[in-house]
Every structure is written in C-alpha cells, then in structure tokens.
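Heads up: the structure comes next, in structure tokens.
Taken together, the values in this text are just the output of simple stated rules run on the coordinates, not laboratory data. Just so you know, these numbers come straight off a predicted model, no measurement behind them. Ideal geometry is used to build each Cβ from the backbone, glycine not excepted, and the neighbour counts take in all protein chains shown.
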C-alpha cells in the first residue's frame, strides 16, 4: 500500500490521541516502529494490524474508525496526486471521472495497487463503485474518503452506502453521493 496511507493513519491516531498512544498501538499490533514515508510502499498487513488494534482499544467499531480515517486521508490524496486532478473541476465532475483519475494514478505510480473505482453521474448524484483485489475490502475507508472529498471541495452533500461486499454477497461496495442544490 502507498506510504501516504500509512503516514496518514499514524497522523490520524496521533491527532486524536498522542504520540505515546501511537507507540502503544504499534507495539500491541506487533509491528516494528518505523518512519513512514509518503513516497514508499508498505505491507497492507501493517494497516490491518493497526486498524485491528485500534478496534480493540477504542469504543468505535472498525468500520467507524476506517471511515474517520478516510475523511482524514482524502485531502492528503488530493494533495499528493494533484497532478492527476484538473483544478477546474467541481466535485461532481471529479467524482464522475474517478475511474480515469485512479487509472492515471495507477499507471504513473510505481508499485501502485489501487482499487477499481467506477462512477456514474445522474444530475446532482454520482454512484461510485469500489472494488478491491485486497484481502481486506476497506469499504469504511472508501466511504470516509468520499466524505473527505466532499469536505475538501466545501460541498454540501451526503454519501450513502448502497451495497457492501461484506453484507450483500457482491464483489464491490457501492455508494451514492448526493450534492445538495445551492440556492
């Protein structure tokens, strides 16, 4: 997984707790302490181990933690991969073109292993389908990233999960992003 995910997860935990808590999470997850670099790649199992440990320690369930983390990750993804995002787009245009954006990032980033993302726009709504080849699906993370994109664009809208591979016996998660009309 791209280092930005690992680095942002560390930031997410430290911002909500403190450095000592992060160190305790890493220790309980049985990971070696290390400096995560945004430009490097790390094993997915490290993210899973940290998320599982957080779930054991926190009152929130894993999906809620993933979702909060996703909201934090979204602006970092926008910043890191801004060369692949046209600045003249509004949020609906970006969401409608997520398949192209993720394909460009995947092609341009060495060792990238991005999920398959597709979208379909209908007026002020975009249906986003997220499918990953990873053992863990991270649908909560995807939900949070979409919410974080709305916040980054100062868009008044909602993200509603329509289907989840964990619960609906399908191979993808599907979300409906609705932007409220600004009057």
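Give the stretch 66-90 a look and list any residue that's in contact (Cβ under 8 Å) with a residue 40 or more places away in the chain and closer than 21 Å to residue 133 by Cβ, or say none.
66, 69, 70, 73, 77 - these are the residues of the stretch 66-90 that are in contact (Cβ under 8 Å) with a residue 40 or more places away in the chain and closer than 21 Å to residue 133 by Cβ.
For the structure I just gave you, tell me whether residue 54 is touching a helix residue (DSSP H, G or I) at 6+ places or on another chain (Cβ under 9 Å), in a loop (DSSP other than H, G, I, E, B) and more than 23 Å from residue 160 (Cβ to Cβ).
Taking the combined requirement at face value, the residue does not satisfy it.
Inspect the stretch 20-43 for any residue being part of a helix (DSSP H, G or I) and either in contact (Cβ under 8 Å) with a residue 60 or more places away in the chain or within 29 Å of residue 160 (Cβ to Cβ) (or both) and give the result as yes or no. Lay out the reasoning, then the answer.
From the stretch 20-43, those part of a helix (DSSP H, G or I) are 20-28; that's our starting set.
Checking the rest, the ones that are also either in contact (Cβ under 8 Å) with a residue 60 or more places away in the chain or within 29 Å of residue 160 (Cβ to Cβ) (or both) come to none.
No, every residue in the stretch 20-43 fails to be part of a helix (DSSP H, G or I) and either in contact (Cβ under 8 Å) with a residue 60 or more places away in the chain or within 29 Å of residue 160 (Cβ to Cβ) (or both).
Considering only the stretch 93-116, how many residues are in contact with a strand residue (DSSP E or B) (Cβ under 6 Å, 6 or more places away or on another chain) and under 13 Å from residue 128 (Cβ atoms)?
Residues meeting the conditions: 7.
Considering only residues that are within 24 Å of residue 178 (Cβ to Cβ), over 15 Å from the mean Cα position of the chain (by Cα) and in contact (Cβ under 8 Å) with a residue 40 or more places away in the chain, which ones fall in the stretch 91-139?
Passing the criteria: 91, 92, 94, 124, 125, 126, 127.
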